[in-house]
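Input: a single structure, listed below in structure tokens.
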Amino acid sequence: ALKKAFAEHKEIQKLAEKFILLNLVYETTDKNLSPDGQYVPRLVFVDPSLTVRADITGRYSNRLYAYEPSDISLLYSNMQKALKLLKTEL
């Protein structure tokens, strides 16, 4: 359902062109990509130093990197935040 909401959001689609997106079909054993546990869907922002940005999270305290379809505006906002941080920190 999140994939569909993502695909239908025109602003996110335009912004997504500035990111490298990776859609894992199978769960990864890489602990860096599951910093707070294994659940899906999980969207993490990784900076060029290959560090998961713990300051860019969703709204759920028990699943920090989870986004539901109803959270699409938060995801869009977090994508904007990630780009801004990238420009100011690097």
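Looking at (1) open to solvent by less than 100 Å² (accessible area, probe 1.4 Å); (2) in contact (Cβ under 8 Å) with a residue 60 or more places away in the chain, which one does Lys18 not meet, given that it meets all the others? The one condition Lys18 does not meet is (1). Determine, yes or no, whether Asp30 is of a type outside the set (A, V, I, L, M, F, W, C) and at pLDDT below 95. Against the criterion (of a type outside the set (A, V, I, L, M, F, W, C) and at pLDDT below 95), Asp30 qualifies. Restricting the first member to segment 39-52 and to residues that are free of Cβ contacts under 8 Å to residues at least 24 places away in the same chain, and the second to residues that are in a loop (DSSP other than H, G, I, E, B) and small (Gly, Ala, Ser), the beta-carbon pairs closer than 9 Å and six or more apart or on different chains are Val40/Ala66; Val44/Ser34. If you go through segment 51-90 and keep only what is open to solvent by less than 50 Å² (accessible area, probe 1.4 Å) and either of a type in the set (S, T, N, Q) or within 17 Å of Lys18 (Cβ to Cβ) (or both), you end up with Arg53, Ile56, Thr57, Leu75, Asn78, Met79, Ala82, Leu83, Leu85.
For Ile12, the criteria (1) in contact with a Pro (Cβ under 9 Å, 6 or more places away or on another chain); (2) modelled with pLDDT of 95 or more hold in every case but one, which is (1).
Residues that are of a type in the set (Val, Ile, Thr), more than 10 Å from the chain's Cα centre (by Cα) and open to solvent by less than 70 Å² (accessible area, probe 1.4 Å) within segment 21-50 comprise just one, Thr28.
The values are calculated or read from the model by the stated rules, or taken from the named source; none is laboratory data. Being a predicted model, the structure only gives us computed values, none of them experimental. Cβ: placed from backbone, ideal geometry, glycine included. Neighbour counts: every protein chain shown. For the accessible areas, the whole protein counts, side chains as well, though only heavy atoms, and no ligand, DNA or RNA atoms are used. Shrake-Rupley method; radii C 1.70, N 1.55, O 1.52, S 1.80 Å.
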